[in-house]
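J.: What follows is a structure written as structure tokens; I'll ask about it next.
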Amino acid sequence: QVTAFMGAEGAAGIESMITKLEQLKGLIDQVHNQIRDPEKTTFVCVCIPEFLSIYETERLVQELSKSEIDTHNVVVNQVLFPDQDAEDLVDWYKDAKTGLPDKAQTLIGKTIARKRMQDRYIQQIFELYEDFHVTLMPLLDNEVRGVASIESFSSLLLHGSDEA
């Protein structure tokens, strides 16, 4: 009956399983220590400038902090014109509005409204994470797919751009 409970290998099988579990625990401890060492690991939070995303990012930052995992970087992705504020667009639009078709005026109006909303949330992000390194990434024309796109996005992330 003991063989049925312990398997055909009996006590030797249990010893082997215990050895494997001890090795696994050692590996888990090693990974845990590495993740908590800010010299080896830091967590970069990525969000978009909208309420729910910022809320979830703050929850993440709090949980990482409780677990003593370093995080002091926030990337804000899909920002409309990160080098301008909404009022810059409004000023431009006042001069350009005359003569634009109604559909173009509607599209630009929605873009300005979205930009105002994003600016408000971006301001909150900078206030909430004043001790963090915050990077604004522009809304791109295409998805980041493929090696060339990833390299271009990486360069933009690390060095910024005047084209945004």
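J.: Take the stretch 54-96 and flag every residue that is part of a helix (DSSP H, G or I), surrounded by fewer than 18 Cβ atoms within 10 Å (Cβ to Cβ) and under 22 Å from the mean Cα position of the chain (by Cα).
T.: 55, 56, 58, 59, 60, 62, 63, 64, 65, 66
J.: Does residue 51 satisfy being under 26 Å from the mean Cα position of the chain (by Cα), within 23 Å of residue 142 (Cα to Cα) and of a type in the set (Phe, Trp, Tyr)? Steps first, please.
T.: On the way: under 26 Å from the mean Cα position of the chain (by Cα): yes; within 23 Å of residue 142 (Cα to Cα): no; of a type in the set (Phe, Trp, Tyr): yes.
Judged against the criteria, residue 51 is not a match.
J.: Taking only the stretch 109-160 into account, find how many residues are closer than 17 Å to residue 71 by Cα and polar (S, T, N, Q).
T.: Summing the residues that are closer than 17 Å to residue 71 by Cα and polar (S, T, N, Q) in the stretch 109-160 gives 1.
J.: Within the stretch 93-134, track down each residue that is touching a residue at least 40 places away in the same chain (Cβ under 8 Å) and more than 30 Å from residue 58 (Cα to Cα).
T.: Within the stretch 93-134, no residue meets the criteria.
J.: Tell me which residues, restricted to the stretch 36-52, are farther than 30 Å from residue 114 by Cα and open to solvent by 70 Å² or more (accessible area, probe 1.4 Å). Give the derivation first.
T.: The initial filter retains those residues of the stretch 36-52 that are farther than 30 Å from residue 114 by Cα, namely 36-42.
Correct list: 36, 38, 39, 40.
J.: Considering only the stretch 148-163, I want to know if a residue exists there that is open to solvent by less than 70 Å² (accessible area, probe 1.4 Å), without any contact (Cβ under 8 Å) to a residue 60 or more places away in the chain and either touching a Ser or Thr at 6+ places or on another chain (Cβ under 6 Å) or over 21 Å from residue 43 (Cα atoms) (or both). If you could, list the steps in order and put the result at the bottom.
T.: Of all residues in the stretch 148-163, those open to solvent by less than 70 Å² (accessible area, probe 1.4 Å) come to 149, 153-157, 160-161.
Filter once more, keeping what is without any contact (Cβ under 8 Å) to a residue 60 or more places away in the chain: 149, 153-156, 160-161.
Going one step further and asking which of them are either touching a Ser or Thr at 6+ places or on another chain (Cβ under 6 Å) or over 21 Å from residue 43 (Cα atoms) (or both), we end up with 149, 161.
Yes, the stretch 148-163 contains at least one residue that is open to solvent by less than 70 Å² (accessible area, probe 1.4 Å), without any contact (Cβ under 8 Å) to a residue 60 or more places away in the chain and either touching a Ser or Thr at 6+ places or on another chain (Cβ under 6 Å) or over 21 Å from residue 43 (Cα atoms) (or both).
J.: Sticking with this structure for a sec: Of the residues 67, 53, only one is among the hydroxyl-bearing types (Ser, Thr, Tyr) and touching a Lys or Arg at 6+ places or on another chain (Cβ under 8 Å); which?
T.: Numbers: 53 fails: touching a Lys or Arg at 6+ places or on another chain (Cβ under 8 Å).
Residue meeting the stated conditions: 67.
J.: I've got another one for you. Looking at the stretch 100-136, which of the residues that are within 23 Å of residue 158 (Cα to Cα) and hydroxyl-bearing (Ser, Thr, Tyr) is least open to solvent (accessible area, probe 1.4 Å)?
T.: Here the residue is 129.
The values are calculated or read from the model by the stated rules, or taken from the named source; none is laboratory data. Predicted model, so just to flag it, every value in this text is computed and none were measured. Note that each Cβ is placed from the backbone with ideal geometry, even for glycine, and that neighbours are counted across all protein chains shown. These accessible areas exclude ligands, DNA and RNA; they are computed on the full protein's heavy atoms, side chains included. Shrake-Rupley method; radii C 1.70, N 1.55, O 1.52, S 1.80 Å.
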